[in-house]
Amino acid sequence: MKKLLVLSALVVSSIACKTETKHPETTTTEIPTKVDELATITEVAEFTGQQVTGVTVSEAGRVFVNFPRWRPTVKHSVTEVANGHSIPFPNEHWNSWTPDTPLTDTTFVAVQSVVASQKELFVVDTRNPFFKGVLSNPRLFVFDLENNTLKQTYTLPNEVFFKDSYINDVRIDRKTNVAYFTDSGHAGLLLLNLESGTFKRVLTDHISTTAETDHLTINGKQWVNTVHADGIALNQIDDVLYFHALTGYTLYAVSTAVLINATEEEIAAAVEVVDKTAAPDGMIFDQSGNLYYADLENNAILKRDLNGMTTTIAKGDSVRWADTFSIYNGDLYYTNSRINEITGPIPTMTFQVNKIALKD
């Protein structure tokens with residue numbers, strides 16, 4: 001395991017306000033700063049030539065990762081990291097799909113996210129390999145982690161996705177038995193009632209789910225792309241869902257009760273602007289209500305506390321597009337997907353899963 005020291009530096013504060021009818025200005029302003037203690041980053045796993053995006057850690061400490069099908073050289077879609085090895089999950093067959101084979105409900109096609117909740121693993125299959133359009137209805141596969149077998153498959157109906165949809169990430173709400181998704185390809189959010197299997201799409205092309213800019217600037221270079229609602233985090237203390245466009249600088253939120261029960265017009269009116277932030281990918285809340293999110297343009301990971309104060313907890317070469325977060329046993333796990341660095345084939349590039357010990 002490699003251990004690297006990183007210096008925390010940035011502090012941002014803001015006051016929540018109601019959403020506006022146009023995107024807030026995205027220019028930066030002077031903000032207060034402070035120097036925090038050094039944080040330690042530990043490497044959990046490294047993959048050569050395989051771009052990892054998602055990571056999740058189960059209640060039993062099992063580590064799962066996924067590799068999106070953004071190029072034909074993807075070996076596996078989902079694996080479990082155990083004893084230094086990356087083992088296809090749940091088996092080799094599920095990871096055997098190639099573009100010249102039929103689409104089935106027993107093979108992964110284009111997995112973008114994995115999330116462990118209680119004793120289940122939720123796997124988001126966009127069915128949109130190579131960003132060339134959805135080949136068939138996206139799926140959410142649910143696996144029983146006690147026996148590593150498929151427990152349930154949820155298939156998105158035609159009315160809740162588009163040809164250019166890219167169902168990006170999911171959060172599981174055990175209080176309401178609802179799953180929340182972001183669509184980063186065609187701006188919007190989705191809800192799934194895990195009991196009835198019914199889906200609901202909301203905030204399609206709404207200001208809160210739509211990208212604010214067509215590029216980010218990282219290490220002095222522009223990464224040109226337009227990515228809508230991507231980062232998503234569920235605060236189960238106050239039952240509020242937070243979400244953020246990847247190419248954007250505004251954090252939005254809306255209560256889960258409104259999302260589940262209200263009309264589209266009522267939901268749109270209830271969305272709040274929480275803060276002006278860095279452009280993130282990964283986002284997650286801890287049990288105390290602190291929000292952790294990536295700062296892609298500054299190779300950093302930030303913590304926003306209950307008072308809205310934001311502090312950099314990790315920064316530097318060990319944070320290279322922090323894509324997905326998971327918290328287990330007081331550690332924040334994250335992936336380095338290095339999206340902005342890729343300009344061609346990646347056979348020699350390395351991608352990491354790292355972790356940081358969180359402070360109380």
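Note that region 230-237 has calculated 3J(HN,Hα) couplings of 9, x, 8, 8, 10, 8, 8, 6 Hz, one per residue in order, obtained from phi through the Karplus relation 6.51 cos²θ - 1.76 cosθ + 1.60 (θ = phi - 60°); glycine and proline are x. In the context of the full set of protein chains, region 219-360 has a per residue accessible area of 38 Å² (1.4 Å probe). Using a Gaussian network model of the chain in which every pair of alpha carbons under 10 angstrom is joined by a spring, one finds that among Ala211, Ala270, Ala253 the greatest mean-square fluctuation is at Ala270. Using the Karplus relation 6.51 cos²θ - 1.76 cosθ + 1.60 with θ = phi - 60°, the per-residue 3J(HN,Hα) values for region 75-92 come to 7, 9, 8, 9, 9, 9, 8, 8, 6, x, 10, 10, 9, x, 10, x, 6, 5 Hz, with x marking Gly and Pro.
Taking amide H as placed 1.01 Å from N in the peptide plane, Ala39 has its amide H under 5 Å from the amide H of Val6, Ser8, each at least 5 places away in sequence or on another chain. Grouping the Cα pair distances of region 133-184 into 10 Å bins from zero gives a pair-distance distribution of 21, 48, 27, 4 percent in increasing distance order.
Which shape class applies to region 211-264: rounded if a/c is under 1.5, otherwise prolate when a/b exceeds b/c and oblate if not, where a ≥ b ≥ c are the square roots of the Cα gyration tensor eigenvalues? Prolate, because a/c is 1.5 or more and a/b exceeds b/c.
Hydrodynamic radius of region 179-318 by the Kirkwood approach over all distinct alpha-carbon pairs: 15.5 Å. To the nearest 10 square angstrom, how much accessible area does Ile339 have with a 1.4 angstrom probe? Surface open to solvent at Ile339 totals about 30 Å². The value of relative contact order for the chain, using C-alpha pairs under 8 Å at least six residues apart, is 18 percent. Between the amide H of Ala110 and those of Thr126, Arg127, Asn128, distances stay under 5 Å, these residues lying 5 or more places away or on another chain, with hydrogens modeled in the peptide plane. For region 184-193, backbone phi angles converted through the Karplus equation (6.51, -1.76, 1.60; θ = phi - 60°) give residue-by-residue couplings of 8, x, 10, 3, x, 10, 10, 10, 10, 7 Hz, Gly and Pro being listed as x. In this structure, the amide hydrogen of Gly231, modeled 1.01 Å from its nitrogen in the peptide plane, lies closer than 5 angstrom to those of His244, Leu246, counting only residues at least 5 positions away or on a different chain. Test of understanding: in a Gaussian network model of the chain with alpha carbons linked when under 10 Å, which of Ala294, Ala229, Ala279 would top the mean-square fluctuation ranking? Comparing Ala294, Ala229, Ala279 in a Gaussian network model of the chain, the most mobile one is Ala279. Among the protein heavy atoms of region 229-294, carbon and sulfur supply 52% of the accessible surface, probe 1.4 Å, non-protein parts ignored. Is the chain rounded, prolate or oblate when judged by the Cα gyration tensor, a ≥ b ≥ c being the square roots of its eigenvalues, rounded requiring a/c under 1.5 and prolate requiring a/b larger than b/c? Taking the square roots of the gyration eigenvalues as a ≥ b ≥ c, the chain is rounded. For region 112-153, applying the loop criterion from DSSP together with a ceiling of 14 other beta carbons within 10 Å to the trypsin sites (Lys or Arg not before Pro) yields Lys119, Lys132.
The alpha carbon centroids of region 238-312 and region 162-203 are separated by 16 Å. With a 1.4 Å probe rolled over the protein heavy atoms of all chains, the accessible area of Asp281, Asp144 falls in the order Asp144, Asp281, largest first.
Computed over the chain, the per-residue total of -39500 (n - 2.57) for DSSP H runs of n ≥ 4 gives a 222 nm mean residue ellipticity of -1000 deg cm²/dmol, rounded to 500.
Across region 101-198, Cα pairs under 8 Å and at least six residues apart give a relative contact order of 19 percent. From the square roots a ≥ b ≥ c of the eigenvalues of the alpha-carbon gyration tensor of region 54-102, which class results: rounded (a/c under 1.5), prolate (a/b over b/c), or oblate? It is prolate, given that a/c is not under 1.5 and a/b is the larger ratio.
The values are calculated or read from the model by the stated rules, or taken from the named source; none is laboratory data. Note that the structure is predicted; figures quoted are calculated from it, not measured. Using ideal geometry, Cβ is built from the backbone for each residue, glycine included, and neighbour counts are taken over all protein chains shown. Side chains included, ligands, DNA and RNA excluded: accessible areas come from the protein's heavy atoms. Shrake-Rupley method; radii C 1.70, N 1.55, O 1.52, S 1.80 Å.
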